[in-house]
Structure formats: structure tokens, C-alpha cells
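The values are calculated or read from the model by the stated rules, or taken from the named source; none is laboratory data. Since the model is a prediction, treat every value here as computed from it, not as a measurement. Please note: Cβ atoms are built from the backbone with ideal geometry, for glycine as well, and neighbour counts cover all protein chains shown.
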């Protein structure tokens with residue numbers, strides 16, 4: 001099997017993070033990155049191609065150029081609008097899109113069309129075409145075309161409704177009854193007309209519409225109900241590949257459809273923990289391989305926070321690492337974050353030095369015990385009156401828990417960081 005170039009666009013979203021993490025270790029798929037924002041960060045590379053927003057009239061022209069320059073085989077959209085836009089031009093570009101076709105996207109990208117399409121087959125929250133009666137508040141408003149929770153809002157009183165739509169156009173929003181129960185996402189993969197995987201999870205806590213706390217549903221009756229609705233959606237839209245849908249209980253504990261997504265969901269990683277890599281499956285499906293799904297029988301939950309991605313101008317050829325309380329913590333274990341950094345830099349042919357004034361006579365035994373004696377280009381064991389900066393070569397970086405050692409290194413024109421700053425160097 002040959003290698004394939006995969007374009008992640010836009011590469012700065014939480015959805016993109018899941019795509020990147022899904023493919024980072026696949027030897028056949030080489031990731032490329034593009035964004036429409038100049039200051040976009042990408043969790044995977046600083047090499048980001050800039051192309052216009054999909055709403056720009058020259059978007060298609062510039063995308064075609066990029067596909068040719070980067071020899072792109074597949075494009076994976078990491079935003080709803082991009083998924084929709086790519087489906088409209090998929091027959092005009094020389095790269096395959098991982099996503100659903102234009103027929104599907106014309107329905108699922110717009111909530112009013114989604115609800116109208118499935119109103120006779122799946123329960124939908126009551127929709128108000130006119131201003132609700134006072135007795136019908138609180139209600140919920142959300143953009144017809146939107147993602148996450150942007151501009152979605154609970155309105156408690158009639159005055160809130162009037163104030164809200166004094167700022168926004170009524171015809172750009174859908175107004176529904178307020179669903180007060182638990183919310184769920186059901187991640188699905190379809191192949192040859194059948195659903196080969198359907199995994200339902202909670203949305204216990206969300207951030208900008210993406211679940212940051214989630215766990216699998218174990219209730220058999222509830223999962224049976226989700227599977228029933230998944231089959232209805234799959235059959236009606238003739239889906240193929242990755243998709244998901246969201247449902248929520250109303251006040252009577254009846255499930256209602258919220259939306260259907262035609263792209264990777266931000267928390268599909270929970271399924272990946274069981275062995276279901278949706279992104280890989282979708283690419284292999286496009287390549288014509290037979291799709292087979294096997295899951296680990298494990299219970300797993302997820303809780304996550306925002307992950308910082310740094311850009312910096314630190315450049316060094318030599319990495320010096322202190323031993324006590326830096327590499328060796330609490331005189332018990334090796335700092336795994338530093339070990340990760342060591343091999344990251346060794347892969348770039350950087351020189352790695354262990355530099356220490358260790359007085360506990362445990363240096364050699366500790367390095368031998370953990371099997372790491374030979375990973376260093378040199379082990380520098382200093383005498384009490386010797387300074388680390390005296391041994392540091394030009395264009396070096398020191399990692400040390402000691403403020404004094406870091407200060408001395410910085411004052412001598414070296415880079416120096418503490419343990420709390422390791423993330424700035426990690427890729």
C-alpha cells in the first residue's frame with residue numbers, strides 16, 4: 001500500500017484535533033494542514049497552508065492549487081460549513097472528501113430542513129413559527145445554520161424573546177420547546193447501506209457545543225432506541241462513512257432529535273478508546289477496502305480540558321537536563337514527560353546531556369535500574385564548586401528545577417525552563 005496525503009481543514013478546531021490524533025501514527029497517511037485564519041494554531045504542525053474561507057468566491061480556485069502543490073489525496077473537513085462546501089464541489093477537485101454527499105449536507109446543515117425531513121419518523125421538539133404564548137415559556141432558540149452552542153439560548157420570558165429578536169433576524173433562527181432532560185450523541189459508521197457501528201454516549205458537560213465529559217450508555221433499552229433511530233436516519237439519507245446524531249429527553253423523558261452531523265464529531269475519541277478509529281475507517285472505505293469493526297469490551301469514560309498549543313522561537317542544538325527533582329522525581333520514579341522530550345529531540349539529531357551535582361550516590365544505580373544510562377550523549381557529574389553554565393555549549397537549553405541554575409543560564413545567554421514549562425517544547 002502506498003502513502004496518501006491527507007489534508008485537515010481547518011486545522012485549528014477541536015474536531016481537527018480528533019482527526020489529527022486519529023491519524024498521527026498511521027504510517028500510510030501523511031497529514032497536511034490548512035486554515036483560513038492567519039494566526040491559527042495546529043495540534044500537529046507549524047506548517048500550515050493559508051487558503052480563503054469557503055464563503056470566498058476564490059476558495060475553490062485556491063483549494064485546487066493547494067491540492068496540486070501538496071499532492072493531496074483526501075480532504076477531511078473539520079467544520080460544518082467546510083463539510084457542506086466541499087460536498088458541493090467534490091466532483092470538481094482532484095481529491096476525495098471524507099464526508100457525506102451534497103444531498104445529505106443540504107438537509108443536515110440546516111435544522112429546519114432536518115426537522116421537516118424527519119418530522120414523521122423521529123420525535124421532534126415542538127417548533128414555534130410565531131411568538132410562543134406566555135404560558136409556553138421558557139423556550140429555546142438556536143440558529144437554523146449553526147454549530148456548537150453559538151447564539152443558542154434559553155429564553156425564560158416573553159420579554160426575553162422580544163429583546164433577543166431585536167438584535168437578531170427571526171428567520172435565521174428556529175424556536176422550540178425547551179428540552180430539559182439528558183443529552184446524548186450517537187456516533188455512527190455506515191457501509192454498503194448498513195450501520196456497522198453505533199456508539200451512544202452522554203454529553204455530561206459541553207464547551208462550545210463539544211462534549212468535554214462523556215461516557216458510554218450501558219442501558220440496553222436506551223441503546224436499542226438509539227439504534228432504531230440510527231437505522232431510520234441511515235435508511236432515509238442513504239449514509240456512507242462517518243456521521244453522528246444527537247438526541248435529548250424532553251420533560252416527559254421522551255427522546256427528541258436535536259441534529260445530525262455529517263462529519264467527525266469532537267469526542268469520537270471515546271469510541272477510539274475502544275478501538276474504533278472512525279477516520280481511518282473512512283479513508284480505508286474510500287480506498288475500497290472491506291470495512292470490519294472489532295471493539296474492546298471495556299467501560300471507559302472521558303473528561304478533558306483545553307490543551308495548549310504553543311508557538312515559539314526557541315532554537316537549540318544541545319539539551320542539558322538536571323537529575324535530582326528534574327529527571328528523577330521524589331527519589332522514586334523517572335519523569336516520563338522529560339523522557340518524551342528527550343526522544344523527540346533525539347529524533348532531530350540533537351545532543352542530550354545529563355548534568356548534575358548529585359550527592360546521594362544513587363546516580364549510576366538509578367540510571368541502570370531504569371535502563372536509561374545510554375540514552376545520553378554524555379553524563380556530566382559536577383563537583384560542588386562547578387557551575388553548569390561552564391559546561392554548556394553555545395545554542396543550548398537547560399531544564400532544571402532550580403531557579404538559581406536557570407537564572408544563571410539565562411544571564412549567560414542560554415535558554416532555561418522549569419518543569420512547568422515542558423509543554424512549550426512538546427510537539
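Restricting 327, 287, 281, 302 to those that are at pLDDT 90 or above and in contact with a helix residue (DSSP H, G or I) (Cβ under 6 Å, 6 or more places away or on another chain) reduces the list to 327. Of everything listed in (1) farther than 23 Å from residue 145 by Cα; (2) part of a helix (DSSP H, G or I); (3) at pLDDT 95 or above, the single unmet condition for residue 6 is (2).
Can you name every one of the strands (runs of 3 or more DSSP E) wholly within region 306-382 that holds 3 or more residues which are more than 34 Å from the chain's Cα centre (by Cα) and over 22 Å from residue 410 (Cβ atoms)?
378-381
Restricting region 265-278 to residues that are at pLDDT 85 or above and outside any helix (DSSP H, G or I), the residue that is nearest to residue 1 (Cα to Cα) is 277. Of 245, 226, all but one fail to be in a helix (DSSP H, G or I), touching a strand residue (DSSP E or B) at 6+ places or on another chain (Cβ under 6 Å) and surrounded by 15 or more Cβ atoms within 10 Å (Cβ to Cβ); the exception is 226. Within region 75-86, being farther than 16 Å from residue 244 by Cβ and surrounded by 21 or more Cβ atoms within 10 Å (Cβ to Cβ) holds for 75, 82, 85, 86. Using the structure shown, decide if residue 278 is within 20 Å of residue 218 (Cα to Cα) and touching a strand residue (DSSP E or B) at 6+ places or on another chain (Cβ under 6 Å). When the stated conditions are applied, residue 278 does not pass them. In the set 55, 36, only one residue is in contact with a strand residue (DSSP E or B) (Cβ under 9 Å, 6 or more places away or on another chain) and surrounded by fewer than 21 Cβ atoms within 10 Å (Cβ to Cβ); that residue is 36. Across region 305-324, the qualifying residues are those that are within 30 Å of residue 214 (Cβ to Cβ) and either at pLDDT 95 or above or touching a helix residue (DSSP H, G or I) at 6+ places or on another chain (Cβ under 7 Å) (or both), and the one among them that is surrounded by the most Cβ atoms within 10 Å (Cβ to Cβ) is 310.
In the condition set (1) exposed (fewer than 13 other Cβ atoms within 10 Å of the Cβ); (2) at pLDDT below 95; (3) closer than 30 Å to residue 283 by Cβ, residue 129 is compliant with all but (3).
Taking region 166-192 as the range and being assigned to a loop (DSSP other than H, G, I, E, B) and either in contact with a helix residue (DSSP H, G or I) (Cβ under 8 Å, 6 or more places away or on another chain) or surrounded by 15 or more Cβ atoms within 10 Å (Cβ to Cβ) (or both) as the test, the residues that pass are 178, 179, 181, 182. The residue that is surrounded by the fewest Cβ atoms within 10 Å (Cβ to Cβ), among those in region 390-406 that are assigned to a helix (DSSP H, G or I) and out of contact with any strand residue (DSSP E or B) (no Cβ under 8 Å at 6 or more places or on another chain), is 404.
Within region 279-304, the residues that satisfy the criterion of being outside any loop (DSSP other than H, G, I, E, B), surrounded by fewer than 19 Cβ atoms within 10 Å (Cβ to Cβ) and touching a residue at least 24 places away in the same chain (Cβ under 8 Å) are 280, 286, 301, 302, 303. In region 195-214, which residues are in contact with a strand residue (DSSP E or B) (Cβ under 6 Å, 6 or more places away or on another chain) and either exposed (fewer than 15 other Cβ atoms within 10 Å of the Cβ) or part of a helix (DSSP H, G or I) (or both)? The answer is 205, and nothing else.
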